[in-house]
1. Out of the residues in region A:36-68 that are within 11 Å of another protein chain (Cβ to nearest Cβ) and not in a helix (DSSP H, G or I), state the one that is farthest from A:SER120 (Cα to Cα).
2. Which of the following residues is under 25 Å from A:GLU650 (Cα atoms), touching a Ser or Thr at 6+ places or on another chain (Cβ under 6 Å) and hydroxyl-bearing (Ser, Thr, Tyr): A:SER124, A:SER130, A:SER110?
3. If you check A:ALA619, A:ALA597, which single one turns out to be in contact with a Cys (Cβ under 6 Å, 6 or more places away or on another chain), modelled with pLDDT of 90 or more and either under 30 Å from A:ILE460 (Cβ atoms) or at the interface with chain B (Cβ under 10 Å from one of its Cβ atoms) (or both)?
4. For the structure I just gave you, tell me whether A:VAL211 is over 17 Å from B:GLY374 (Cα atoms), within 14 Å of another protein chain (Cβ to nearest Cβ) and in contact with a Pro (Cβ under 9 Å, 6 or more places away or on another chain).
5. Please go through region A:415-468 and pick out each residue that is hydrophobic (A, V, I, L, M, F, W, C), open to solvent by 10 Å² or more (accessible area, probe 1.4 Å) and within 21 Å of A:THR528 (Cβ to Cβ).
6. Give region A:517-533 a look and list any residue that's closer than 17 Å to A:THR476 by Cα and either at the interface with chain B (Cβ under 10 Å from one of its Cβ atoms) or out of contact with any strand residue (DSSP E or B) (no Cβ under 9 Å at 6 or more places or on another chain) (or both), or say none.
7. Can you give me the number of residues within region A:609-657 that are closer than 17 Å to A:PHE128 by Cα, without any contact (Cβ under 8 Å) to a residue 60 or more places away in the chain and surrounded by 21 or more Cβ atoms within 10 Å (Cβ to Cβ)?
8. Of the residues A:ARG59, A:ARG73, A:ARG69, A:ARG86, only one is without any contact (Cβ under 8 Å) to a residue 40 or more places away in the chain, in contact with a strand residue (DSSP E or B) (Cβ under 6 Å, 6 or more places away or on another chain) and among the basic types (Lys, Arg); which?
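The values are calculated or read from the model by the stated rules, or taken from the named source; none is laboratory data. Since we're looking at a predicted model, the values are computed, not measured. Note: ideal-geometry Cβ built from the backbone for every residue, glycine included; neighbour counts use all protein chains shown. Only protein heavy atoms, including side chains, enter the accessible area calculation; ligands, DNA and RNA are left aside. Shrake-Rupley method; radii C 1.70, N 1.55, O 1.52, S 1.80 Å.
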Amino acid sequence: MKRHRNATATGTDSATQTTSAAAAYNLFDLLSDEIVFAILDFLAASSPLDTKSFSMVCRSFYLVESRHRRILRPLRHDHLPRILSRYPNVARLDLSLCPRITDASLALVSRTSSADSLRSIDLSRSRFFSYSGLLSLVLNCRNLVEIDLSNATQLRDAAASAVAEAKNLEKLWLGRCKLITDMGVGCIAVGCKKLKLISFKWCLGVTDLGVELIAVKCKELRSLDLSYLPVTNECLPAILKLQYLEDLVLEGCFGIDDDGLAALQHGCKSLKMLDMSSCQNITHVGLSSLISGAGRLEQLTLAYGSSVTLALANSLKMLPSLQSIKLDGCFVTSSGLKAIGSLCISLKELSLSKCVGVTDDGLSSLVIKQRDLKKLDITCCRKITDVSIAHITSTCTNLASLRMESCTLVPREAFVLIGQRCHFLEELDLTDNEIDDEGLKSISRCAKLSSLKLGICLNISDDGLSHIGAYCSKLTELDLYRSAGITDPGILAIASGCPDIEMINMSYCQDITDSSLICLSKCSKLKTFESRGCPLITSLGLAAIAVGCRQLNKLDIKKCHNISDAGMLPLSHFSQNLRQITLSYTSVTDVGLLSLASISCLQSITVLHLKGLTASGLAAALLACGGLIKVKLHASFKPLLPQLLFEHLEARGCVFEWRDKEFQAELDPQCWKLQLEDVAQ
Amino acid sequence: MDPEDEICGDTWGTKSTSSNSLQQNSADFGLQQQLEKKWDNNSSPIMDYGFRIGQEQPPFHGQVNCQINNSIQGNDNNTNDNKPPEWDPSAMLNNLSFLEQKIHQLQGMVHLIITRKGQVPSKPDEVLTQQQQQLITADLTSIIVQLISTAGTLLPSVKTIGQFGQFTPKPAAVSPEQQQQQQSNNSMDVEHNYSTTEEHEEHEDGETEHLPPGSYEILQLEKEEILAPHTHFCTICGKGFKRDANLRMHMRGHGDEYKTPAALAKPPTVKEVGSAAEPVIIKRYSCPFSGCKRNKDHKKFQPLKTILCVKNHYKRTHCDKSYVCSRCNTKKFSVMADLKTHEKHCGRDKWLCSCGTTFSRKDKLFGHIALFQGHTPAIPPDETKTVVALAPTDDPAAAANKLADGSGLATMDFNSGAQALMDFKSVDDPAGAAAVASCFSPLNFDSCNFVGGFPEFNRQGFDDSEASFSFLLSGGSCNYSSQKTGGES
């Protein structure tokens, strides 16, 4: 009886129907496994909750679901034994939510029946494992092709030599493995011959020798990430001899310079993606010698590099299939932009975010030739005006993504043009702009809009937002941070018009009340809810959200002074998917915090300036909440709690961050923006 | 031809006619070479003279060769003879090497003339050939004159001549110019007895064929010469020394005349002497081992630069490795210095390959691995141990147990109430965890009441393992849903 209630309460209609059908006729027995699996594929695609409902119908469904499941993402390492025995066919094990993975855990994974089917394992956020655990994993899971060891800062060369035993490995991420040196990389190069992707980002112990050996031994390599490695020109010839190399990232390789690149006979012909961000010593000379033979290059990233001049643009002219250029943070000249516009014919993506020197003249002459442009990022191009916007909107009518945060000289009339001409927009970032209700009304014509950011737009009001709510039914993401003109009616329009909304940020919209939250509780897909600094919100509104939005996983109610323990209790009861919560400056006390500890998913809490919180209550909550990964606390608690407690929690995988900011009073939005501009100037 | 030539001619005239004056400053090679240079510049005053020598040259060529060969043979025979040392041997040595060079030059020239003559048998252009001949003979003359004058300086003093008479080569084959210097030839033979290895070089017949005059010349030492432990011998007692300086120190014991600063001074090297006016002819060496790449008969012959190179090369490549490293007992060397160098680093080769080979440098190891299939870098075993040791304890419960005094705090009832909700399972020891909480003795909040106040929060059958999609499985008695907004309904 109870189980049935659960299914009805949480599952979709289809789940309910199958339940009754199975009970009556057991038609599922007639279906082959393939068909049932195909049904389950669709079910899993819609929501993981539906799969769960399915598995709880009866024993046979439970077994079918166990055999069907391919991907596991457990929250706790202590669940591993049971879920691994339940799901024998798991191909991908994502342990990124388990901070504590020991050698014993890995040995367990390698012992279970899923060891043969396991193809991919993600250990990027896990710590506490070592050489021996990895060795038992790779020796027993013979079909492993992907291992993510990013952030494993404790691993040494011995661990790398264990990885080298995975002879079938194709993808390996070693980001931030700072203790691994050339010796370990050498083992991997010799052992894992089939490698197609390897990432060495921030592996500061790896030098030319290791990279060269990888390039010599792993001929199948498609993707190579050398970001921030202390490599020099020495390793380049070997890399460019790789026959299939498509993706090369040289971000922040300060040891590579023009001289080294000039010495290369020819570039890499198979290259499709090249990232040379933050390479201070490479100018257009080196670039042109590197990409001289790369006729297939599609994506080029030169962020924070040398200035974009005519010479640099000219070096791009031999790239017929170039589709994407990212020049973020570069110094840009108008002639350079003009030349890019005329030389690169089929650009689909262009990013000029935070570029200095972007003018109406340059940008207009660039976009005027790019009819196919899909994504444009002109964040913080503070010199452009309505002239640019007019050109962009008249030429690039297929634009799907436009980011123009802080284009402060663009007048409010210009935004009307965006809505009039670019009907295919899916993503629009208008943060910190002069847009007003007229502009919003015009933008509401973009029926495909799914992400809209209107933070710090002080000219908009409920009127404009109601147009969005009325016409943009596919909206999933809405940011109204510090747009003080928004009140309850605006949110009401969104809540009723955009049922798919997953993320909403209404921080510092001070006039928002509980009624907005009660409306939003209808949006069952809501995952992220941020309402910082809304003093009118009470526990009542929060309870409504908790009850209605069961998938909520991120909640920020900092500075909502009226939220108290009464809000926490329903939250702990209903929001069992909550992962991250910020409670600073609220009226929550020990009781509220302790009740939150019952949420087994909870991983990150921020509790600063809670007046009702005592040291003992905090300690009890921390101990009770077993899945915590990150806790932000006020420094004053540090001497009040015993050191042994911290050691215990850190052994569980929890990290503490200490803050000692003073209690801050809130400013009004206009005041805040003036202050922001002062800082910017 | 120009005024300077006149002066040069005069200078030469005075010097060449009086060999005695040259003899006085016997070590003054700079002057002689200067002279030679001047001779090269002006050929006109002695044109006729030179031409005459040029015509005579075929017999001359044979004579010189013969003479030198004789002298070398004689020298071999008489290595151990004691000679009264009345002159400075090192100066003599220099003179001899100089002579040797000059003879080589002569050989080259003469050979050139022969080939020219062979090429132009019908003499189509009389004038041209004449001019060439004139030039060559002028050079030849200058060289011969130098040869004579230098040979003259080799005469140390009158009283030694008689003693060396027995070694005199046959005078019949000597040209008139050299006949005048008969004495000097004698002394040259004597000098060979005390020579360093440099004097033992054999001259190759074909060396000038593929090398233009003025290019380097190839010298080849015999195996015995290369392996000889001593290269400097005392002329009095015959004791051998490795170093020239040691010999000079030794010589002091044979009498006061060896204690003069001049006798003890380091003899100037050929290079120093020659650098003054004329570029020294570059010498290169050949390894006597036939088939070796360093042997002059090899197709891709690569000459050795110095005698030391010859010695080290020969020992390293063609001799047994008799010096064994006492530390590792595996590495063997044939040159002592190599062993010394190895011993400095032995045991400190930290770059290890899986095949057991060690390298002192990482790049060498990686070059080795890149070259061979299946070889991998070997991680030192101690590293794996330390990693294991550094790993934190596997059991969080152990950490919790450290905290617990064993006092099971039954009063902490919120545990039992919220057990299903709160994940004390991860701690594995609720009592231990509770004991931590009990450190804060005034637990002011009433945990029992708190949990008891919400009995509906108990969720039986909550499957801990499915927390990844844990959603509410609560009973219908949730007060909140009925109390509050009715959001659930």
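1. Taking the candidates together, the pick is A:MET56.
2. A:SER124
3. On the way: A:ALA619 fails: in contact with a Cys (Cβ under 6 Å, 6 or more places away or on another chain).
Just a single option satisfies the conditions, and that option is A:ALA597.
4. Numbers: over 17 Å from B:GLY374 (Cα atoms): yes; within 14 Å of another protein chain (Cβ to nearest Cβ): yes; in contact with a Pro (Cβ under 9 Å, 6 or more places away or on another chain): no.
Here the answer is no, as A:VAL211 does not meet what is asked.
5. Going through region A:415-468, the residues hydrophobic (A, V, I, L, M, F, W, C) turn out to be A:415-418, A:422, A:424-425, A:428, A:430, A:435, A:440, A:443, A:446-447, A:449, A:452, A:454, A:456-458, A:460, A:465, A:468.
From what's left, open to solvent by 10 Å² or more (accessible area, probe 1.4 Å): A:416-417, A:424, A:447, A:456, A:458.
A:ILE456 - this is the single residue of region A:415-468 that is hydrophobic (A, V, I, L, M, F, W, C), open to solvent by 10 Å² or more (accessible area, probe 1.4 Å) and within 21 Å of A:THR528 (Cβ to Cβ).
6. A:LEU517, A:CYS519, A:SER521, A:LYS522, A:SER524, A:LYS525
7. Residues that pass the stated criteria total 3.
8. On the way: A:ARG59 fails: in contact with a strand residue (DSSP E or B) (Cβ under 6 Å, 6 or more places away or on another chain); A:ARG69 fails: in contact with a strand residue (DSSP E or B) (Cβ under 6 Å, 6 or more places away or on another chain); A:ARG86 fails: in contact with a strand residue (DSSP E or B) (Cβ under 6 Å, 6 or more places away or on another chain).
The conditions single out A:ARG73.
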